[in-house]
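Read through the structure below, which is laid out as structure tokens, and then see the notes.
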Amino acid sequence: MKTPRNQLRIAAASFFAAFMLSTPLSAQVIHKSIDAEGRTTFSDAPPQRVAVSPARQRFSMVNANEASRRLTLAENTRRLGKTPLSGESVQSANGAVMTSQYWRRQEKLRLVVEQALRRSNQTQQVLLANQ
């Protein structure tokens, strides 16, 4: 039996089905690009290649070399910093025990290495993008 309420449900279902069938079912391609300053952009068009000046390439190379030098320096500093300084270890029955001061210094050295590694990776990405 068709009541106004059932007719309304049928009309709503028909409208919804027509709407769903009218929408495109294909997926759209999205392109991700990262510019020289590290900003990420999403777009439906592929990123355009920009010609890089020789001066910019030299700057990128110098920047990458400096980042690599700083990473090496940070790793060497951390390696040499593993030896406890005076007041950073306490003798106990089981041998030397490192104090919290030692572990705080080790954490700072670890963070410096991580920061240098991130910077080195960023400059390498910029250098590769400029080629």
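The values are calculated or read from the model by the stated rules, or taken from the named source; none is laboratory data. Because the structure is a prediction, the values reported are computed rather than measured. Please note: Cβ atoms are built from the backbone with ideal geometry, for glycine as well, and neighbour counts cover all protein chains shown.
If you go through the stretch 14-30 and keep only what is modelled with pLDDT under 80 and surrounded by 10 or more Cβ atoms within 10 Å (Cβ to Cβ), you end up with Phe15, Phe16, Ala17.
Glu75 satisfies every condition listed in (1) out of contact with any strand residue (DSSP E or B) (no Cβ under 8 Å at 6 or more places or on another chain); (2) at pLDDT below 95 except (2). Candidates are the residues of the stretch 79-131 that are hydroxyl-bearing (Ser, Thr, Tyr) and touching a helix residue (DSSP H, G or I) at 6+ places or on another chain (Cβ under 7 Å); the one that is farthest from Glu37 (Cα to Cα) is Ser89.
Regarding Leu127, is this residue in contact with a Ser or Thr (Cβ under 7 Å, 6 or more places away or on another chain) and modelled with pLDDT of 95 or more? Judged against the criteria, Leu127 is not a match. Checked across the stretch 45-61, the condition of being of a type in the set (D, E, K, R), at pLDDT below 80, surrounded by 10 or more Cβ atoms within 10 Å (Cβ to Cβ) and touching a strand residue (DSSP E or B) at 6+ places or on another chain (Cβ under 9 Å) holds for no residue.
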